1. Which one is farthest from residue 139 (Cα to Cα) among residues in the stretch 259-280 that are open to solvent by 20 Å² or more (accessible area, probe 1.4 Å) and hydroxyl-bearing (Ser, Thr, Tyr)?
2. I need the full set of residues from the stretch 94-118 which are open to solvent by less than 30 Å² (accessible area, probe 1.4 Å) and in contact with an Asp or Glu (Cβ under 9 Å, 6 or more places away or on another chain), in order please.
3. Taking strands (runs of 3 or more DSSP E) that do not extend beyond the stretch 149-252, which have at least 3 residues that are in contact (Cβ under 8 Å) with a residue 24 or more places away in the chain and either at positive phi or of a type in the set (Gly, Ala, Ser) (or both)?
4. Take the residues in the stretch 128-143 that are in a loop (DSSP other than H, G, I, E, B) and not β-branched (Val, Ile, Thr); name whichever of them is farthest from residue 205 (Cα to Cα).
5. Criterion first (in a loop (DSSP other than H, G, I, E, B), modelled with pLDDT of 95 or more and surrounded by fewer than 22 Cβ atoms within 10 Å (Cβ to Cβ)) does residue 41 satisfy it?
6. In the stretch 55-89, how many residues are open to solvent by 30 Å² or more (accessible area, probe 1.4 Å) and either of a type outside the set (D, E, K, R) or within 19 Å of residue 132 (Cβ to Cβ) (or both)?
7. Here is a list of conditions, (1) in contact with a Phe, Trp or Tyr (Cβ under 8 Å, 6 or more places away or on another chain); (2) of a type in the set (Gly, Ala, Ser); (3) assigned to a strand (DSSP E or B), and residue 119 meets all of them except one; can you say which number that is?
8. Among the candidates 178, 256, 184, 190, which residue alone is touching a Lys or Arg at 6+ places or on another chain (Cβ under 6 Å) and surrounded by 15 or more Cβ atoms within 10 Å (Cβ to Cβ)?
Amino acid sequence: MASPRLLRSCLLATLSATLVAAAAVAPAQAEHRPESAAAVTFSDTFDGPAGSGVDAAKWQLETGDNVNNHERQYYTPGTDNAKLDGQGNLVIEARRENPGNYQCWYGTCDYTSARLNTSGKFTATYGHVEARMKIPRGQGIWPAFWMLGQDIGEVGWPNSGEIDVMENVGFEPSTVHGTIHGPGYSGSGGIGAAYTLPNGEAFADAFHTFAVDWAPDSITWSVDGNVYQTRTPADLGGKDWVFDKPFFLILNLAVGGYWPGDPDGSTTFPQQLVVDEVKVTTSDG
């Protein structure tokens, strides 16, 4: 498990808490998705000219470093580390460089990367939330697709709740993690499970779809349609279920930190998180 990821004050004022993770392993189960009419409430297929930025009506970029989780990257603005590739993808790139002379908690930053969120632009309460992505690889590399409660600025973390749809740490190339965090079950106490590809396949070798099906009192995780865990209030041992309210989306690519460890001589740069699509659907419509 990783420790809570709390960005310093230079990040968006409404975002006082960041990425955390869990590592319990559970076997994959057969796919089971309810068949009902679905209405798309959010969609981004990242179409646009190569080198252009993300749609500002949908996403904003956070900037800064992360002292509390001891990550090594500085999240940059604009298109420095996050831009469209002209082929329908968003590319978030982590580099071992610092042309802006950014300063991190440990001194001059060794790495740059990017982190995007939809706070103030889009929130979801329930639905099918998915991203089709090809993740990077290597020791110390930490990509994630996750959600935070929109009320984080008022109630703080972990009372806001956090739903980690997908996290990967580079020393586990075949495994991703899905986790929930809330009051009394955050950080190393987060509740989650892992999904591992068969036959030693690596997630970085191809695109995969990471999703949750989120309903009142229930969240179910899947990879490529294969369900691997469901969490309900019964899993919390009497602690508060804080997932019946609006959450916003986050995409980021971290470098280093307590959970993945730092890059080493085996880690190559740049590394890319390539996002083909992010979509949220609901059966309400």
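The values are calculated or read from the model by the stated rules, or taken from the named source; none is laboratory data. All values derive from a computational prediction rather than experimental measurement. Glycine gets a Cβ as well: all are built from the backbone with ideal geometry, and neighbour counts include every protein chain shown. Calculation scope for accessible area: heavy atoms of the full protein, side chains included, ligands and nucleic acids excluded. Shrake-Rupley method; radii C 1.70, N 1.55, O 1.52, S 1.80 Å.
1. Selected residue: 268.
2. Just the residues of the stretch 94-118 that are open to solvent by less than 30 Å² (accessible area, probe 1.4 Å), to begin with: 94, 104, 107, 109, 111-118.
Matches in the stretch 94-118: 104, 109, 111, 112, 113, 114, 115, 116, 117.
3. Numbers: elements: 162-167, 175-181, 191-196, 208-215, 218-223, 226-231.
Once the strands (runs of 3 or more DSSP E) in the stretch 149-252 are filtered for at least 3 residues that are in contact (Cβ under 8 Å) with a residue 24 or more places away in the chain and either at positive phi or of a type in the set (Gly, Ala, Ser) (or both), what remains is 191-196.
4. Applying the first criterion (in a loop (DSSP other than H, G, I, E, B)) to the stretch 128-143 yields 135-140.
The next check asks that each one be not β-branched (Val, Ile, Thr); those that pass are 136-140.
Details: 136: 9, 137: 9, 138: 12, 139: 16, 140: 18 Å.
Residue satisfying both the conditions and the ranking: 140.
5. On the way: in a loop (DSSP other than H, G, I, E, B): no; modelled with pLDDT of 95 or more: yes; surrounded by fewer than 22 Cβ atoms within 10 Å (Cβ to Cβ): yes.
When the stated conditions are applied, residue 41 does not pass them.
6. Step one: of the stretch 55-89, the residues open to solvent by 30 Å² or more (accessible area, probe 1.4 Å) are 55-58, 60-61, 63, 67-68, 70, 72, 74, 77-80, 83, 85-87.
The next check asks that each one be either of a type outside the set (D, E, K, R) or within 19 Å of residue 132 (Cβ to Cβ) (or both); those that pass are 55-58, 60-61, 63, 67-68, 70, 74, 77-79, 83, 85-87.
The qualifying residues number 18.
7. That leaves (3) as the condition not met.
8. Values: 178 fails: touching a Lys or Arg at 6+ places or on another chain (Cβ under 6 Å); 184 fails: surrounded by 15 or more Cβ atoms within 10 Å (Cβ to Cβ); 190 fails: touching a Lys or Arg at 6+ places or on another chain (Cβ under 6 Å).
Selected residue: 256, the only one of 178, 256, 184, 190 that is touching a Lys or Arg at 6+ places or on another chain (Cβ under 6 Å) and surrounded by 15 or more Cβ atoms within 10 Å (Cβ to Cβ).
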